[in-house]
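Colleague: Handing you this structure, nothing more for now.
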Amino acid sequence: MKTLDPQDPQAMRTLAHRMVDDMFDFLETVNDRPVWRKPPSTAIEAIREPLPRESTSPEAVYAQFREHILPYAKGNISPRFFSWVEGNGTFMGMMADMLASGMNPNVTIGDHMAMYVDQQVIEWCRQMMGMPESTSGMLVSGGSLANITAMTVARNHLLPHVRARGMQAGDRVPVVYCSSETHNCMVKAIEVLGIGSEQLRMIPVDADYRMDLQALERQLEADKQAGLQPICIVGNAGTVNTGAIDPLEDLLRIARREQMWFHVDGAFGAVAGITEYAADALAPLREADSLAFDLHKWLYVNYEVGCVLIRDREIHRKAFVMEAAYLTKHERGLPSGPETYSHYGLELSRGFKALKIWMSLKEHGLDRYREIVARNIAQARYLADLIEQHPKLELLAPVTLNIVCFRYRFDLQSPEANLTLEQLNERNRELLMQLHESGEAVPSYTVLQGRYGIRVNITNHRTRYEDLNRMINAILVIGDR
Ligand SMILES: *Cc1c(COP(=O)(O)O)cnc(C)c1O
């Protein structure tokens, strides 16, 4: 009888051991390779095959992976990867994914241990973020889904007619407030929820890229005057461009005063609350009605996993609960055990992503995370100092957490050329591309007040101070050239 199990179990076992050894080698030698290499057309061509009809031996399939896929990784496991906001993963996380995949439970319902591990991980997340015991939560694919889930709860709570009768049944137009620096997944959430991005007020920011409170108050007043219904304020705990933290205490106060929902997008930044650097600025998120944050960013857990926490379990449940004969809980047997997760979110089938978090948090302990997250912040400050001290480099935004934006002063290099802003931007962009192609370091980019900048994000447990020196040296060499 044909199944998909190995034809030759012993050969598969041998191959599996080789895979583990190869991946250990790959991780252990990460520092010896360029951070990123452009996938050659030979590799891309090699995998562009028609849908395979015949079988290929596991050894041959794996050989293709080793030759064409593995060498051209994204690079985010490298100590000199600083692009976007991406984590590195860990050895334990990698192995936990293998174990979870071997058990392969669908963690949505039933009396089995994966459900309890998932619950325990949510409980640890709650404790880490300092939210009250009434809090419930859900592991999801990432910050985007965590934000959408939280905004769904906010909408369904503030607009109780929506679940049955839809957005069109409301007599007032709902409005949501956030800063202009808010991640675009919030715009997506507002669009998906039928609130409409025109009803997302992107309030201007101050010189530190934090929401301008007076502008918020003015907009709120105008919207109320116009008969609209303010339902939610979204605060940023770490904006994606510069790492700014909105004035959360004030946003919380205004939300309470106006009986609005207070949500915090702490995709990466919320984690900084475990360190002394940001404990005070982030303390108000303990009072938030909902919080979205990622484990695959600044907790370095392997992709992919984010978390949404909702302050009130009942409100959370009411947003999604739906009875179905095939999902009812029984007194005994497999359908006993915890309530189905489908009552708390958008997904039904879910993988066992909790295991890599459970194993990693136990392996390292919170104190070690605290130390490494704090080191990333100290490294960002060190980098900012290097930049400020160097006449050819210019810092483009204040450094709050782990993100440093700067540019090379091509205007000083050739003052007679009278470079326009566009030319300056173009040269910095070219510099960044050459840096990536050199494989020395991989920061990303953003545009701040029209100025194109190199953007360094440090959510990297492997980065050493010397990696930052090495990046700056490479940038100076390319810039001077
Ligand atoms: C990364 C990020 C998101 C989106 O999270 P994903 O895990 O990529 O879906 C949302 N908000 C901020 C501030 C982020 O940095």
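Colleague: Throw me the Rg/Rh for region 239-282, computed over C-alpha atoms with Kirkwood Rh, two decimals.
Modeller: The Rg/Rh ratio comes out at 1.00.
Colleague: Give me the net charge of residue 339's neighbourhood, meaning all other residues with Cβ under 11 Å from the Cβ of residue 339; Lys, Arg count +1, Asp, Glu -1.
Modeller: +3
Colleague: Something else about it: Which translational diffusion coefficient, to the nearest whole µm²/s, is obtained for region 272-397 from the Stokes-Einstein equation, given a Kirkwood hydrodynamic radius over C-alpha pairs, 25 °C and 0.890 mPa s?
Modeller: 134 µm²/s
Colleague: Next question, about the same structure. Dipole size in debye (nearest 20) for region 1-127 around its Cα centre, Lys and Arg Cβ +1, Asp and Glu Cβ -1?
Modeller: Charge dipole of region 1-127: 400 debye, to the nearest 20.
Colleague: Still on this structure, please answer the following. What does the charge count near residue 353 come to, summing +1 for each Lys or Arg and -1 for each Asp or Glu among other residues with Cβ under 13 Å from its Cβ?
Modeller: -3
Colleague: Roughly to the nearest percent, how much of the accessible area of region 193-331 is carbon and sulfur, given a 1.4 Å probe?
Modeller: 47 percent
Colleague: Along region 139-156, what does the Karplus equation 6.51 cos²θ - 1.76 cosθ + 1.60 (θ = phi - 60°) give for ³J(HN,Hα), rounded to whole Hz, x for Gly and Pro?
Modeller: 8, 10, 5, x, x, 4, 5, 5, 5, 5, 4, 5, 5, 5, 4, 4, 4, 5
Colleague: Using 10 Å bins from zero, what percent of all Cα-Cα pairs in the chain falls into each bin?
Modeller: In whole percents, the pair-distance histogram is 4, 18, 25, 25, 19, 8, 2, 0, 0.
Colleague: OK, next. Share of Cα-Cα pairs in region 113-263 beyond 19 Å, in percent?
Modeller: Above the 19 Å cut-off, region 113-263 has 56 percent of its Cα pairs.
Colleague: Moving on to the next point. Pull out a ≥ b ≥ c, the square roots of the eigenvalues of the alpha-carbon gyration tensor of region 188-242, then state rounded if a/c is under 1.5, prolate if not and a/b is larger than b/c, and oblate in the remaining case.
Modeller: oblate
Colleague: Please compute one quarter of the surface area of the Cα convex hull for region 323-373 and express it in square nanometres.
Modeller: Directional mean of the projected Cα hull area for region 323-373 stands at 5.5 nm².
Colleague: Let me ask something else. Pairwise over distinct Cα atoms, reciprocal of the mean inverse distance: report the Kirkwood radius of region 24-177 in Å, one decimal place.
Modeller: One decimal place: 20.8 Å for the Kirkwood radius.
Colleague: Assuming a strict under-26 Å limit between Cα atoms, what lysine pair count do you get for the chain once near-sequence pairs (fewer than 8 apart, same chain) are dropped?
Modeller: Taking the chain as the scope, the lysine pair count is 17.
Colleague: Can you tell me, using C-alpha contacts under 8 Å and at least 6 residues apart, the relative contact order of region 262-357 as a whole percent?
Modeller: So the answer I get is 21 percent.
Colleague: Residue 53 versus residue 412, label points 7 Å from Cα toward the beta carbon: distance in nm?
Modeller: Spacing of the two 7 Å Cα→Cβ label points: 6.6 nm.
Colleague: Turning to a different aspect of this structure: Tally Lys and Arg at +1 and Asp and Glu at -1 over the other residues with C-beta under 15 Å from the C-beta of residue 439: what net charge comes out?
Modeller: +2
Colleague: Taking only C-alpha pairs under 8 Å that are 6+ residues apart, what is the relative contact order of the chain in percent?
Modeller: Once divided by the residue count of the chain, the mean separation gives 22 percent.
Colleague: Provide the gained length on full extension for the span residue 65 to residue 191, in nm with one decimal, where the gain is 0.36 nm per separating residue minus the Cα-Cα distance.
Modeller: 41.5 nm
Colleague: While we're looking at this one, here's another question. Across all directions of projection, what mean area in square nanometres is found for the Cα convex hull of region 133-196?
Modeller: Averaged projected area of region 133-196's Cα convex hull equals 5.4 nm².
Colleague: Would you work out the relative contact order for region 158-219, in percent, from Cα pairs under 8 angstrom that are 6 or more residues apart?
Modeller: 31 percent
Colleague: For the chain, with every protein chain kept in place, what is the accessible area per residue (1.4 Å probe, Å²)?
Modeller: Computed with neighbouring chains in place, this is 48 Å² per residue.
Colleague: Compute the Cα gyration tensor for region 47-133, then decide on rounded, prolate or oblate, letting a ≥ b ≥ c be the square roots of its eigenvalues: rounded whenever a/c is under 1.5, prolate when a/b is larger than b/c in the other cases, and oblate in all that remain.
Modeller: The shape class here is oblate.
Colleague: Among 316, 341, 279, which residue has its Cα positioned farthest towards the positive end of the charge dipole of region 279-370, with +1 placed on the Cβ of Lys and Arg, -1 on the Cβ of Asp and Glu, and the dipole taken about the Cα centre?
Modeller: 341
Colleague: Related question: Kirkwood-based Rg over Rh for region 353-475 (C-alpha set), two decimals?
Modeller: Computed over Cα atoms, the ratio is 1.07.
Colleague: If you take the Cα atoms of region 186-297, find Rg, then find the Kirkwood Rh from the mean of 1/r over all pairs, what is Rg/Rh?
Modeller: We get a ratio of 0.96 for region 186-297.
Colleague: Continuing with the same structure: In nm, give the distance between the simple-model label positions of residue 388 and residue 259, each being 7 Å from the Cα along the Cα-to-Cβ direction.
Modeller: If labels sit at residue 388 and residue 259, their model points lie 4.7 nm apart.
Colleague: With +1 on the Cβ of every Lys and Arg and -1 on the Cβ of every Asp and Glu, and nothing else charged, how large is the dipole of the chain about its Cα centre, in debye rounded to the nearest 20?
Modeller: My answer is approximately 480 debye.
Colleague: Would you please put 401-407, 96-102 in order of how densely packed they are, using the mean number of other Cβ atoms within 10 angstrom per residue and starting with the highest?
Modeller: 401-407, 96-102
The values are calculated or read from the model by the stated rules, or taken from the named source; none is laboratory data. Values in this document were obtained by computation on a predicted structure and should not be read as measured data. Ideal geometry is used to build each Cβ from the backbone, glycine not excepted, and the neighbour counts take in all protein chains shown. What goes into the accessible areas is simple: the full protein's heavy atoms, side chains included, and nothing from ligands, DNA or RNA. Shrake-Rupley method; radii C 1.70, N 1.55, O 1.52, S 1.80 Å.
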